[in-house]
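Novice: I have a structure here, written as structure tokens, and I will follow up with some questions on it.
The values are calculated or read from the model by the stated rules, or taken from the named source; none is laboratory data. Worth saying up front: this structure is predicted, and the values here are computed from it rather than measured. Don't worry about glycine lacking a Cβ; one is built from the backbone with ideal geometry, like all the others, and counts go over all protein chains shown. For accessibility, only protein heavy atoms count, side chains too; no ligands or nucleic acids. Shrake-Rupley method; radii C 1.70, N 1.55, O 1.52, S 1.80 Å.
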Amino acid sequence: MAKPVSIEVWNPNGKYRVVSTKPMPGTRWINLLVQQDFRVEICTEKKTILSVEDIIGLIGDKCDGVIGQLTEDWGEVLFSALSRAGGKAFSNMAVGYNNVDVNAANKYGVAVGNTPGVLTETTAELAASLSLAAARRIVEADEFMRAGLYDGWLPHLFVGNLLKGQTVGVIGAGRIGSAYARMMVEGFKMNLIYFDLYQATRLEKFVTAYAEFLKANGEQPVTWKRAASMDEVLQEADLISLHPILDKTTYHLVNKERLSKMKKEAILINCSRGPVVDEVALVEHLRQNPMFRVGLDVFEDEPYMKPGLAELKNAIVVPHIASASKWTREGMATLAALNVLGKIKGYPVWFDANKVEPFLNENAPPPPASPSIVNAKALGLPVSKL
């Protein structure tokens, strides 16, 4: 049995008991719960990832809901424990929920929340940041300076790639992929090639309009193309960013064979899901192609990296920080709390999980609804008409 973990309590006499397995950014999420007569218990244990036993201890004998993290294993054991404690609500503080066994949640009648609609721009910004850092070899140059190795300007010192006029490839042109594409097209006048099962009409119209603007001002217009296959993007693009969902069809989407189709000096960015890339194959490709560069925010066996990746100068690696802007993380905390609050109070589910601005407006009360419940249909939950 795991030893008791340390907690911080807000509104100890509240009618409803909600547990957060981690301290979360901001205080608005706490205040919203307290205002609705919730006792809020926040786990303050100095432990990056809580075990199942730790979380069972936090749930205890009576718990109405839990706000958890994507590093936790929410399956049969935890949903059973939450159900026994009278709980009917759980929310990840994340848009993804690969750590959640939704079928187990359905079995015990527990609503599962997530936090889409608030990560689009901040995730796209990190993908753009990694693109620039890889293209201009910023991390290598920074390490070089800090090591005291710079003794004067040289013509070949850290020569990288110019993005202007090159082709950016996007695999998965949903909200985040399209936002990233717009940044790279408008910010750096890159041409676009994308692959998606669905046509990205708004993105195409944006690039077309920007091309007309450039032409009207005497500049070379940008172009766009919807590829017939993913391989077409890999073969033609100079910079490729991955934005697919993770399922059986996208596991190891980028493997040894597909890496071999890419240009020798291409740049690959992944801020989506780690297992989309075969990391072992990627390490070998980076070793064999020193001018090929990669920027990774996610990893196949997170939090671990495959052997050899950390030593490669042509790899930039950051610890899953795509959503780590203050506004976004505070918004995620608010949405996760409101998912749990809404289910416990009997509110309906919001009509569109990607239109969450009313929940984030600090100058007005949030709508009486759960922002996003992924298993709402399976549980037969009503949908808001607002």
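Novice: For Ile240, list long-range residues whose amide hydrogen, built 1.01 Å from N in the peptide plane, is under 5 Å from its own amide hydrogen.
Specialist: Gly169, Ile267, Leu268, Ile269
Novice: Taking H placed 1.01 Å from N in the peptide plane, check which residues at least 5 places from Ile316 or on another chain put their amide H under 5 Å from its amide H.
Specialist: Amide H to amide H, under 5 Å and 5 or more residues apart or across chains, Ile316 pairs with Val294, Gly295, Leu296.
Novice: Given axes a ≥ b ≥ c from the Cα gyration tensor, I'd like to know whether segment 120-317 is rounded (a/c under 1.5), prolate (a/b larger than b/c) or oblate.
Specialist: It is oblate, given that a/c is not under 1.5 and a/b is not larger than b/c.
Novice: Find the centroid of the Cα atoms in segment 88-156 and in segment 211-262, then give the distance between the two in whole Å.
Specialist: Distance between centres, Cα-based: 20 Å.
Novice: Roughly how many nanometres apart are two label points built 7 Å out from the Cα toward the Cβ at Gln235 and Ala209?
Specialist: Output for this residue pair reads 3.3 nm.
Novice: With every protein chain in place, what's the accessible area of Ile30 (1.4 Å probe, Å², nearest 10)?
Specialist: Estimated to the nearest 10 Å², Ile30 gives 10 Å².
Novice: Would segment 305-374 count as rounded, prolate or oblate if I go by the C-alpha gyration tensor, calling it rounded below 1.5 in a/c and otherwise prolate when a/b exceeds b/c, oblate otherwise?
Specialist: prolate
Novice: Using only DSSP helix segments of four residues or longer, with each worth -39500 (n - 2.57), what per-residue ellipticity at 222 nm results for the chain after dividing by its residue count and rounding to 500?
Specialist: -10500 deg cm²/dmol
Novice: Report in % the part of the accessible area of segment 120-317 that belongs to carbon and sulfur, leaving out ligands and nucleic acids; probe 1.4 Å.
Specialist: In segment 120-317, the share of accessible area belonging to carbon and sulfur is 55 percent.
Novice: Let me ask something else about it. Would you kindly derive the ³J(HN,Hα) couplings of segment 29-34 from the backbone phi angles with the Karplus curve 6.51 cos²θ - 1.76 cosθ + 1.60 (θ = phi - 60°), listing them in order in whole Hz, with x for Gly and Pro?
Specialist: 4, 5, 4, 4, 5, 4
Novice: If the cut-off is 19 Å between C-alpha atoms, which lysines fall inside it for Lys355, apart from same-chain ones fewer than 8 positions away?
Specialist: Reachable lysines: Lys343, Lys377, Lys385.
Novice: Okay, moving on. Tell me whether segment 1-157 comes out rounded, prolate or oblate; compute the Cα gyration tensor, take square roots of the eigenvalues as a ≥ b ≥ c, and use a/c under 1.5 as the rounded threshold.
Specialist: On the way: a/c = 2.53, a/b = 2.35, b/c = 1.08.
Prolate shape, in that a/c is at least 1.5 and a/b is the bigger ratio.
Novice: Heavy atoms of the protein only, probe of 1.4 Å, neighbouring chains included. What is the accessible area of His320 in Å², nearest 10?
Specialist: Per-residue accessible area (His320): approximately 60 Å².
Novice: Set the Förster distance to 51 Å, then compute FRET efficiency between Leu246 and Trp153 from the Cβ-Cβ distance, nearest 0.05. If you can, show how the numbers build up before the last one.
Specialist: Details: r = 44 Å, r/R0 = 0.87.
For Leu246 and Trp153, the calculated efficiency is 0.70.
Novice: Oh, and also: Work out, step by step, the length gained on full extension between Arg146 and Gln220: first 0.36 nm times the residue separation, then minus their alpha carbon distance; give nm to one decimal.
Specialist: Stretched out fully, the Arg146 to Gln220 stretch lengthens by 22.7 nm.
Novice: Right, another one. For the chain, what does the relative contact order come out to in percent, with C-alpha contacts under 8 Å and a separation of six or more?
Specialist: That works out to 17 percent.
Novice: Turning to a different aspect of this structure: Roughly how tilted is helix 326-345, in degrees to the nearest 10 and between 0 and 90, from the longest Cα axis of the chain?
Specialist: 30
Novice: If you place +1 on the Cβ of every Lys and Arg and -1 on the Cβ of every Asp and Glu, how big does the dipole about the Cα centre of the chain come out, in debye to the nearest 20?
Specialist: Roughly 720 debye for the chain.
Novice: Starting from the coordinates of the alpha-carbon atoms of the chain, obtain the Kirkwood hydrodynamic radius over all distinct pairs and give the value in Å to one decimal.
Specialist: Computed over Cα pairs of the chain, the Kirkwood hydrodynamic radius comes out at 22.6 Å.
Novice: Suppose the chain between Leu197 and Val34 were pulled fully straight at 0.36 nm per residue; how much longer would it get relative to their current alpha carbon spacing?
Specialist: Between Leu197 and Val34, full extension yields 54.3 nm more.
Novice: For Val318, Val383, Val298, what's the largest-to-smallest order of accessible area, 1.4 Å probe?
Specialist: Correct descending sequence by accessible area is Val383, Val318, Val298.
Novice: Can you find, among Val276, Tyr108, Ala324, the residue farthest towards the positive end of the dipole of the chain? Put +1 on the C-beta of Lys and Arg, -1 on that of Asp and Glu.
Specialist: The residue sitting farthest along the positive end of the dipole is Tyr108.
Novice: Related question: Residue by residue through segment 50-57, which ³J(HN,Hα) values in whole Hz follow from phi under the Karplus form 6.51 cos²θ - 1.76 cosθ + 1.60 (θ = phi - 60°), with glycine and proline marked x?
Specialist: 6, 7, 4, 5, 4, 5, 4, x
Novice: Further, regarding this structure: DSSP beta bridges in segment 120-317, what fraction antiparallel, as a percent rounded to 5? Present the calculation step by step, with values, prior to reporting the outcome.
Specialist: Values: 1 of 25 bridges.
Taking every DSSP beta bridge within segment 120-317, about 5 percent pair in antiparallel fashion.
Novice: Additional query: Grab the Cα-Cα distance for Glu45 and Asp301, subtract it from 0.36 nm times how many residues apart they are, and report the gain in nm with one decimal. Show your work: numbers first, answer last.
Specialist: Values: separation 256, 0.36 × 256 = 92.16 nm, distance 2.37 nm.
Full extension of this stretch gives 89.8 nm more.
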